[in-house]
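**Student:** Okay, here's the structure, questions in a sec.
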Amino acid sequence: MNLNLKIKWMMLLPFRVFKKSKLIRRFVFSFGNPISCPSVTINTKIVGKKPFREDMASNIDWGTWADFMKKDGEFLYLTKYLTFHRVHEKSETSNCINNNKRLEEDYQMFCRFWPKPIAKFIMFFYKNAVKAN
């Protein structure tokens, strides 16, 4: 459990209480993506057969969650560990970190929530989190 995982865990806590709040979802996602993509179950009858955005390489999940947060429904968060996320050098995430695509996409995502000067300010701190992959 490193600092990044602790921060993500804290970011998920509001979903336990405010399951349907679009405002809380927006607030949480405006500071990053705390949801590990492999741990998600999506109801494709509601969101369609191809729910993920295809315009990003690293942030297909964050972009998708940002789209979902605008819809009615719930983000359910289970505190029980049901999956483990294995990080390895040949993953797409590692590839995107190595070629700086990850930082570019993170900045794009922050710009969806914040004016550019604030997004740049957040990136100043956020870019260090990428190194923990």
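To keep it simple, each residue is scored yes or no on (1) more than 15 Å from the chain's Cα centre (by Cα); (2) of a type outside the set (Ser, Thr, Tyr); (3) in a helix (DSSP H, G or I).
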position	(1), (2), (3)
80	yes, yes, no
83	yes, no, no
112	no, yes, yes
127	no, yes, yes
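**Student:** While we're looking at this one, here's another question. Quickly run through segment 36-73 and pick out the residues that are within 18 Å of residue 97 (Cα to Cα) and either under 11 Å from the mean Cα position of the chain (by Cα) or in contact (Cβ under 8 Å) with a residue 60 or more places away in the chain (or both).
**Tutor:** If the condition is that a residue be within 18 Å of residue 97 (Cα to Cα) and either under 11 Å from the mean Cα position of the chain (by Cα) or in contact (Cβ under 8 Å) with a residue 60 or more places away in the chain (or both), then 36, 37, 58, 59, 60, 61, 62, 63 are the ones that fit.
**Student:** Here's another thing I want to ask about it. Of these, 24, 118, 122, 97, which one is modelled with pLDDT under 85 and either within 15 Å of the chain's Cα centre (by Cα) or not in a loop (DSSP other than H, G, I, E, B) (or both)?
**Tutor:** On the way: 24 fails: modelled with pLDDT under 85; 118 fails: modelled with pLDDT under 85; 122 fails: modelled with pLDDT under 85.
None of the others qualify; the one that does is 97.
**Student:** Let me ask something additional. Within segment 63-80, does at least one residue satisfy the condition of being exposed (fewer than 11 other Cβ atoms within 10 Å of the Cβ) and modelled with pLDDT of 85 or more?
**Tutor:** Yes, because at least one residue in segment 63-80 is exposed (fewer than 11 other Cβ atoms within 10 Å of the Cβ) and modelled with pLDDT of 85 or more.
**Student:** Pull up segment 12-21, narrow it to residues that are among the hydrophobic types (A, V, I, L, M, F, W, C) and under 14 Å from residue 65 (Cα atoms), then point me to the one that is nearest to the chain's Cα centre (by Cα).
**Tutor:** The qualifying residue nearest to the chain's Cα centre (by Cα) is 12.
The values are calculated or read from the model by the stated rules, or taken from the named source; none is laboratory data. Please read these numbers as outputs of a predicted model, since none were measured by experiment. With ideal geometry, Cβ positions are generated from the backbone for all residues, glycine too; neighbour counts draw on all protein chains shown.
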